[in-house]
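The values are calculated or read from the model by the stated rules, or taken from the named source; none is laboratory data. None of these values were measured; they are calculated from a predicted model. Virtual Cβ from ideal backbone geometry, glycine too; neighbours counted across all protein chains shown. Accessible surface areas use protein heavy atoms only, side chains included; no ligands, DNA or RNA. Shrake-Rupley method; radii C 1.70, N 1.55, O 1.52, S 1.80 Å.
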Amino acid sequence: MTDYAVIGRSAPRRDTLEKVTGQARYTLDVTLPGMIHAQVLRSPWPHARIRSIDASAAEALPGVRAVLTHQNTINTLFSTAATMMALPTGHQGVLDQRIFDSTVRFVGDEVAAVAADTLEIAAKALKLIEVDYEILPFVLDPEEAEKPESIALHPDKPELQYGHNVPGHPVEIKRGDVEKALAEADEVVELTFNLKPVKQMQMETMGAVAQVEGSGKINVWSTTQTTHPARAQLAHIFKIPTSRIRVMNPPYVGGGFGSRIGLSAKAEVIAVALALASRKPVKLTYTRTEDMIATDTRHGGQLKLRLGAKKDGTLTALDLRARLNKGAYCSFGHEIYGTTGHMNLSLYQIPNLYFKGYSVYTNTTTAGAYRGFGNPQGNLTVERGIEMMAARLGLDPLELRRKNATQKGGDYVLPYPCDSNAIQSCMTKGAESIGWHKRAEYNADKSGRLRRGLGMAIGTHYSNGFQLIVDYESAYITVQPDGSVNVATPISDIGTGCNTAVAQMAAEALGVPLESVFMIYADTDSTPFGYGAHSSRIVYAHGIAVAAAAREVRQKILEYAAGLCGRRAEELDLKCGMVRAKDGAASFPAELRRRQLFQEPGYAPPSGPDPLTEISLRDVALHAHSQNRQFIGVGQDPLTNSPPWHSVFADVTVDTETGQITVNKIAACHDVGRVINPSNMRGQILGGVLQGVGYALSEQLGYEPKTGRQTHTTMHHYMSPTALDIVDIDPITVEEDDPHGPFGAKGAGETTLVCPASAIVNAASNALGLDLTQVPLTPEYVLSMINRTC
């Protein structure tokens, strides 16, 4: 592998100082002159029709500047998901939301909003709004909701032609003859896996500040992960040209995990609507409870699997079906199944494959994007099936995977080539770290109260958005007269250290010190169009665009410098911010070192013998500036896609008297191509694994069956792991350059959460000798399974 000057180094994160000193600016910190504050009235009913609404008392309250309901607000249909603005020509997403609707479909749905001089006045005004509801029947279970006799949540939507309460078109994948292959298989494993919805629990809740300028232009500061798509969505909703809207981060976002790909729930929409009505800047910040009950979750539901194999362990057929809980609105309700199916049908070289996935409307909180985007649900099901098949055949689960795992150049259902794949190395290193050879020893003793087991899982994911989505990135690079470099990109900094990694790639491609690269990001007025931060694509997609822009700038610099020394551009090189001839014999005019148009502190003109054999980028840029020239590059290379691979091994102990599961160790090994910043990559693995531990053992959103209310509405109710709960994690990387990625890199952000829960479920099943088929593995569930076998 190529040895780079900047790539592969753990450069300090650029946001560290601001964040640890409290200087980092988030949406909550945005304050504008004359700014007023918003509060939202939310439905107390899971399903109801608003017969009448009277806001006159609220409007008359001193300090109230605007009150909005479905009666006085634009009623454009939209989706909060960014894909509503990212589908190719001829494709239409499911648009089923309005700012406010005459029908509410879950507890927490928006009924009205108030903007007032203070939060206290706004809260008081909400209590004065009188709403007469016609209570309607509701349904919480997707299987029940799919039945024709169940109440229709969106009876007027033509997109529901594929099934009762089923939005969009189900995703279906076929290869070979699954039924024939299953009939001919020596062994067939069947299972049903049940999942609860879970929440992203990002640290910063949804929020937005909207301001209408005197010219009518709208400025929005928000928590979105995708500023440009959010601007397009707002333009669609309010029927305003995109050029009249500016969307930006402030610049930081306190975590995302998919929860705000597009709009931050309805924060931006309601803030803009109130700003237009009041003609004042409006801030809307969700409380934690609002964030939990009224913003997208991970899909829960049910997956069914049939897996066929020959006696020698050759997998012959895989049939995977997914019916998941959509909640009240579609959001990412049909795109997500492309991931569920394609990712998990691509893990193994199986000739006969079938997948069908769809979601069902229910009167629960809307489900949308969450780190992994439908992949973890499928991975839990397929990898549980692999472990069960290994037990059925009397084979080591590791060896069964080795035999069947997709290889480099392998034929799979993904619409892009598998041109790099180190999954075998990942399995080897992970097995060594976890002590896989001890598995038989642990299995030999199943008599004590404490039972120990080992489990594993493998996975893959995207490095970019799925091929059926319009998904590209752009970048501008400008060299300033002082030799510094400005990189403008639509990245949103959601806490991943992406701006450091992308700056490293710009510095490497250009040939300058990292310290001279500065990032401009997440502002639609100062960056080119792009789809922002999601899909494990920041380093991959933005890196490709930035590297292309850097190469263009580099070429322009060398061409200009060549004119100064009478050489050809290809005879020069730019390294560490210095331009020199490759043969060391360049002759630059001595006057360059005496040119000082700017007298910055600390600047010293270049010294050395005449003539100069090398010259700094600063002096080349300054000379060009004096000749009315600036070096500018644009990057917008076509994006392919590259599959990252990963294996996760878990060591757990199960207390058979309490049902409590203790995770002793996780070994997480990732093939992400070239690692751009090792410390960033380590952080991704540690964070993803800990989220996976929560997904496996404790996290869930429940609903009261009689009222439809969510039972987990605060951090105290929702059992998410914290830094105090971190387990022993061994983060491992295997580097194999990918031919399509920038400097050989592939995606990493989502991959780290795909397999941990699967490995933990398999380890717990191994410890108990039982087939556990749901998450979370609560003590109650584990004890019920133990007692069922007694």
Using 7 Å Cα-to-Cβ label points, what is the Arg449/Arg244 separation (nm, one decimal)? 7.1 nm
Calculate, in nm to one decimal, what Asp419 and Arg49 gain on full extension: separation in residues at 0.36 nm each, minus their alpha carbon distance. 127.8 nm
Rounded to whole Hz and in sequence order, give me ³J(HN,Hα) for segment 142-150 from the Karplus expression 6.51 cos²θ - 1.76 cosθ + 1.60, θ = phi - 60°, writing x for Gly and Pro. x, 5, 5, 5, 6, 5, x, 7, 6
Can you list residues from other chains, or at least 5 along the same chain, whose modelled amide H is less than 5 Å from the amide H of Ala475? Gly635
I'd like to check one number: the per residue accessible area of segment 15-79, probe 1.4 Å, reported in Å² as a whole number. 50 Å²
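When the convex hull of the C-alpha atoms of segment 312-409 is computed, what volume per residue in Å³ does it have? Please list the in-between numbers first.
On the way: hull volume 10.5 nm³, N = 98.
Considering the Cα atoms of segment 312-409, their hull volume per residue is 107 Å³.
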Note to self: C-alpha centroids of segment 253-297 and segment 425-460 sit apart, in Å, by 44 Å
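Can you give the FRET efficiency to the nearest 0.05 for Leu61 and Glu213, using r as the Cβ-Cβ distance and R₀ = 35 Å? Could you put the intermediate results ahead of the total?
Numbers: r = 28 Å, r/R0 = 0.79.
For R0 = 35 Å, the calculated efficiency reads 0.80.
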Amide H within-cut-off set for Leu41, under 5 Å, with H built and near neighbours excluded: Val111, Ala112, Ala113, Val114
Please give the residues of segment 306-321, grouped as numeric ranges, whose backbone N is less than 18 Å from a label point set 7 Å along the Cα-to-Cβ vector of Arg788. 306
³J(HN,Hα), Karplus 6.51/-1.76/1.60, whole Hz, each residue of segment 206-216, x for Gly, Pro: 5, x, 7, 10, 10, 9, 9, 6, x, 6, x
³J(HN,Hα), Karplus 6.51/-1.76/1.60, whole Hz, each residue of segment 275-285, x for Gly, Pro: 5, 5, 6, 9, 6, 10, x, 10, 10, 10, 10
Percent of accessible area on segment 379-458 owned by carbon and sulfur, 1.4 Å probe? 46 percent
Amide H neighbours of Met578 under 5 Å, at least 5 residues apart or on other chains, H built in the peptide plane: list them. Leu617
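Please give the peptides 229-237, 250-258 ranked by average Cβ packing (other Cβ atoms within 10 Å per residue), highest first, as a rough proxy for protection. Please report the intermediate quantities before stating the final value.
Numbers: 229-237: 23.8, 250-258: 22.1.
My ranking of the peptides, most packed first, is 229-237, 250-258.
So if we plug the beta-carbon distance of Lys403 and Asp737 into 1/(1 + (r/R0)^6) with R0 = 41 Å, what FRET efficiency do we get, rounded to 0.05? Could you put the intermediate results ahead of the total?
Numbers: r = 26 Å, r/R0 = 0.64.
Efficiency for this residue pair is about 0.95.
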Report the label-to-label distance for Asp583 and Lys311 in nanometres (one decimal), using points 7 Å from each Cα along the Cα→Cβ vector. 7.3 nm
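Using 0.36 nm times the number of residues separating Glu190 and Arg682, minus their current alpha carbon distance, what extension gain do you get?
Values: separation 492, 0.36 × 492 = 177.12 nm, distance 3.65 nm.
Gain in length upon complete extension: 173.5 nm.
For segment 662-765, what is the convex hull (Cα atoms) projected area averaged across all directions, in square nanometres? All intermediate terms of the calculation are to be shown ahead of the outcome.
Numbers: hull surface 35.1 nm².
With the hull built on Cα positions only, its mean projection is 8.8 nm².
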Restraint check, Lys147/Lys706; Lys239/Lys706; Lys147/Lys196, Cα-Cα greater than 29 Å: Lys239/Lys706
Compute the signed sum of charges (Lys and Arg +1, Asp and Glu -1) over the other residues within less than 9 Å, Cβ to Cβ, of Arg371. 0
Counting only heavy atoms of the protein chains, get the accessible area per residue of segment 386-448 (1.4 Å probe) and round it to a whole Å² value. 44 Å²
Ranking request for peptides 125-134, 261-270: highest mean number of other beta-carbon atoms within 10 Å first, then the rest in descending order. 261-270, 125-134
13 Å Cα-Cα reach of Lys446 towards aspartates and glutamates, excluding residues that sit fewer than 8 places from it in its own chain: Asp655
Rounded accessible area per residue of segment 475-563, 1.4 Å, Å²: 23 Å²
For segment 99-244, what % of the accessible area comes from carbon and sulfur atoms, probe 1.4 Å? 50 percent
Pairwise FRET efficiency - Leu770 versus Gln555, Cβ, R0 = 56 Å, nearest 0.05: 0.35
Could you tell me what percent of the accessible area of segment 608-746 is made up of carbon and sulfur, with a 1.4 Å probe and every protein chain present? 51 percent
Ordered by packing density, taken as the mean number of other Cβ atoms within 10 Å over each peptide's residues, highest first, how do 644-652, 546-554 rank? 644-652, 546-554
Could you pull out which residues in segment 352-394 have an amide N less than 16 Å from a spot 7 Å beyond the Cα of Leu136, following the Cα-Cβ vector? 361-366
Just to be sure I understand, if you calculate mean projected area of the Cα convex hull in nm² for this structure, which of (i) 32.3; (ii) 36.4; (iii) 44.3 do you get? (ii)
Just name one of Ala317, Ala125, Val269: the one whose Cα is farthest towards the positive end of the charge dipole of the chain (beta-carbon charges, Lys/Arg +1, Asp/Glu -1). Ala125
Hits among lysines - C-alpha to C-alpha of Lys403 under 18 Å, sequence gap 8 or more where chains match: Lys310, Lys311, Lys429
Which Cα, out of Leu454, Thr428, Tyr354, lies furthest along the positive dipole direction of the chain (beta carbon charges, K/R +1, D/E -1)? Tyr354
